[in-house]
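Input: a single structure, listed below in structure tokens.
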Amino acid sequence: MDFGFESFDTGFSDFDVDVEEVVVKKTGKYDRIWRVGKGGSICFHSHHDRYVYFGAMDCHVYKIDCVTGQELWRFKAGDIILGRPSEVHEGMIFFGSYDQNIYALNFETGKEIWRFKTGGKIGTNRPIVDKGIVYTGSQDGYLYAIEAATGNELWRFKTGDEIACTPTSHGNMVFIGSFDSNFYCVDKRTGQEIWRYKTGDNIQMDEPALVYNGMVFVTSFDNYLRAINIENGEEIWRFSTGKYGNTGGPHLWNGVIYQGSRDGFFYALTPGGKELWRFKCGGVTLGFGILNNEIYITSEDGFVYCLSPDGKEVWRFKAGEGVFDYPTFYDNKIYFGSWDCNFYCVDSITREEVWRFETSSRVPALAPAAKELFKAEIKRRTNFEEASSEDKYKSKKSNEISLSDYHVKSEYASTSEYKQKSDYDTSFVMFENVMEVEGLWISGSKVLTQNFQISK
């Protein structure tokens, strides 16, 4: 059975176990780690002058003419591309890939200038460029500072876990969040920590954090948006969104803070953290932008919604699949990519599609449902071939195995030279949509093989 991605490595092949019972429990919280397969789906794009450029699950970066919708060039990386490419800097753009590389391309020709190898995959987080230095996080747990002109490393900063967060540059500071639940402030000149703030869960921000009026705004999977003092890392206020956590940072427009959330709501807040209004979409809501005094938001339900400044819907446009992209604008046109493998241009005046561009594959990559999350507990009879009192695999409890004890690996697992032991191990393992335990497959709430019990 082919689900379009690698099966989970449970580590059980090293010994013989008679599985007596496996209990799979469905939880109500969204897993912050996406497992995606190959295809042509698009997550995020960037915009420069009359051009848009974006990476896709088909491993390519594309440059497209905004007016005609014609492809100008494409570049193939070694694996899928989730994150938004950087802004154009000195005729170059920078992007990361699951092949663990940061690439520098000539924006005019699409030719590779250099690549820098990190120790882990690079997902939805994107590189930022400031004063000739590229800053990027990697799933090896490091924040890197790389010279833009040469690709040479200047320094690296180690966090306690994987990084799937876009850095934020401000003055002599760079901010980064980590799966260790900390938000770090690092000195850009030395790579040394200035302060850290501990949230209640993983931090995954696809865009740079908003810095405003002495505050930096941080989202987390603990369902809070926080305002943090940039000088000392102290919390000023927090705002609670609904369940499933947050991965998109807020933006400021006309004195109002706007925040999309995985709970399906789009929020408008005062700079002091008081809610003004909220708008309900049909799925995860991350991306948004402003054009002609109207707010455009994208959603997992496949719609791009147009709202008035007071949060009332004006109109909507439907793509073929979910839209997680941040829309951009040129000549009253709206541009965004979709998981349906198309990049769209829509006229904001006529509200009609102008053109769409197809990526090299028409197969959508797997986009797990926002609420499909499982954890598994295995109960078994101890029947190891080489069992002993010092058996490193033997559970302290007589007949229970915790999958986390056997190092079940997420998509962010790294085997690089930079691999470090984390002090932030999770207590159980979470699966999205489909999983394999002892060769047995589970999909959604359905058991595809016997010997499982499902509890919700």
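Couple of notes before you dig in:
- Karplus-derived HN-Hα couplings along segment 67-75 (A = 6.51, B = -1.76, C = 1.60, θ = phi - 60°), whole Hz, x at Gly and Pro: 7, 9, x, 8, 6, 9, 6, 9, 10
- Rounded if a/c under 1.5, otherwise prolate or oblate - segment 45-358, Cα gyration tensor axes: oblate
- Each peptide in 69-81, 291-303, 337-349 gets a packing score, the mean of other Cβ atoms within 10 Å over its residues, and the list from highest to lowest is 337-349, 291-303, 69-81.
- Packing-based order for 202-208, 124-130, using average beta carbon neighbours within 10 Å, highest first: 202-208, 124-130
- Sorting 211-219, 241-249, 177-185 by average packing, meaning the other beta carbons within 10 Å per residue, from highest down gives 177-185, 241-249, 211-219.
- Whole-percent pair-distance distribution, where bins are 5 Å wide, for the alpha carbons of segment 62-170: 2, 13, 24, 25, 19, 9, 5, 2, 1, 0
- The ranking of TRP155, TRP315, TRP253 from fewest to most other beta carbons within 10 Å of each one's beta carbon is TRP315, TRP253, TRP155.
- Net charge over other residues, Cβ less than 15 angstrom from the Cβ of LYS111 (K, R count +1; D, E count -1): +1
- DSSP-assigned coil residues among trypsin sites (Lys or Arg not before Pro) in segment 115-187, each with at most 13 further Cβ atoms within 10 Å: LYS131
Bear in mind these aren't lab numbers, they're just calculated from the coordinates by the rules spelled out. Here the structure is a predicted model, which is why all the values come from computation and not from measurement. Reconstructed Cβ throughout: ideal geometry from the backbone, glycine too, with neighbour counts over all protein chains shown.
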